[in-house]
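Here, each number is a calculation from the coordinates, and none is a lab measurement. Bear in mind that the values here come from a model prediction, so they are computed numbers and not experimental data. Cβ placement follows ideal geometry from the backbone for every residue including glycine, while neighbour counts extend to all protein chains displayed.
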């Protein structure tokens with residue numbers, strides 16, 4: 001690598017960091033406002049116009065807040081864990097384009113690179129739980145590992161379904177393959193699988209079980225404060241934007257549509273703006289889901305992944321392979337996906353709590369056992 005290339009990549013990395021930092025500031029304000037709107041509240045209003053400076057106030061607070069290190073923690077693992085979560089979130093943007101020419105490095109195996117890097121963040125969560133030497137933090141770290149490993153399967157299989165249609169792992173090629181339609185119209189089932197698995201990978205509601213405040217009081221992050229706590233959630237918001245960007249690239253046509261009669265820098269700027277507007281729409285759906293649906297129990301979360309999403313992801317691959325092998329028109333894949341998606345949504349709505357009856361029976365059994373007379377009480381002897 002030449003010196004000129006090294007300077008280019010260094011400046012590109014700095015540009016990505018600044019760009020994502022601005023995006024995170026916007027997302028934190030937008031999420032508060034969106035949730036407030038759903039809950040019929042006003043949200044941030046005091047710092048700046050309509051609370052627009054609230055993210056900067058939060059940043060100053062977190063940077064100046066005392067950073068406490070528990071005396072019983074493993075110092076090295078405790079400090080490295082936030083970095084181990086943050087770096088993979090940044091590395092993903094090496095090959096994610098927001099326009100045809102707006103990308104640091106367009107890799108031919110871009111999707112493979114994204115899948116390989118995205119699985120590394122789970123190590124940071126485990127390190128945070130282990131290094132904190134706290135039973136709640138460790139429990140949250142183990143929950144995160146089980147959840148992320150489970151939902152990584154449908155996440156990857158949904159990506160593979162799109163790659164089969166295009167016969168490429170290059171993200172620019174995938175966007176070019178959606179010239180007249182988005183793959184959301186061809187694989188609506190794949191879009192549903194990717195969105196649900198993506199939310200689980202992010203650990204956002206209703207899949208935020210690994211840091212559930214009502215059960216594990218913050219999960220892997222319970223012993224963190226100040227700047228180190230902020231790094232975890234900086235990575236979470238970056239990953240939220242990453243999932244939205246991937247949905248736009250894989251299913252919604254990326255920076256395409258409508259065809260704009262501009263060339264050069266103007267075309268690149270408008271394409272990037274169009275891409276960001278689509279990503280903002282997807283993020284709005286993610287915020288809406290958080291403000292609407294309750295958190296799943298751990299057994300419901302794992303059942304949803306292994307009993308529903310994993311089988312559906314393999315079925316999606318099978319029907320895509322059949323359509324491509326026999327050369328059927330793509331609308332047949334759309335019909336098959338819609339039938340399967342409709343059946344899936346019907347099952348979810350019809351039976352939202354699959355284990356409710358079992359738990360009710362268990363509770364009644366325990367109560368009956370507690371109220372039943374013991375042999376000692378039946379014989380009249382003292383307990």
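A few remarks follow.
- Ratio Rg/Rh [Cα only; Rh per Kirkwood] for the chain: 1.03
- Sorted by Cβ density within 10 Å, fewest first, the residues 310, 175: 310, 175
- The stretch between residue 298 and residue 326 holds 6.0 nm of extra length on full extension. This uses 0.36 nm per residue minus the Cα-Cα distance.
- Using a Förster distance of 41 Å, the FRET efficiency for residue 288-residue 66 (Cβ separation, nearest 0.05): 0.70
- Listed peptides 83-93, 2-12 appear in the order 83-93, 2-12 once ranked by packing, highest mean of other Cβ atoms within 10 Å at the front.
- Note on region 1-153: Cα-only Rg and Dmax are 19.1, 56 Å.
- Going from the residue with the fewest nearby Cβ atoms within 10 Å to the one with the most, 23, 114 rank 23, 114.
- Calculated from the alpha-carbon coordinates, region 1-64 shows an Rg and a Dmax of 17.0, 56 Å respectively.
- 12 Å tail of the calculated P(r), region 87-138, as % of Cα pairs: 67 percent
- Its residues counted as N, region 71-208 yields a C-alpha radius of gyration over 2.2 N^0.38 Å of 1.21.
- Label-point gap, in nm, between residue 87 and residue 105 - each point 7 angstrom along Cα→Cβ: 1.5 nm
- Peptide packing for 338-348, 97-107, 180-190 was compared via the average number of neighbouring C-beta atoms within 10 Å per residue; ordered from the highest value, the list is 180-190, 97-107, 338-348.
- Applying 1/(1 + (r/R0)^6) with r as the Cβ-Cβ distance of residue 41 and residue 351 and R0 = 35 angstrom yields a FRET efficiency of 0.60.
- As a rough footprinting exposure proxy, the listed residues 223, 66 were ranked by other beta carbons within 10 Å of their own, and the order from fewest upward is 66, 223.
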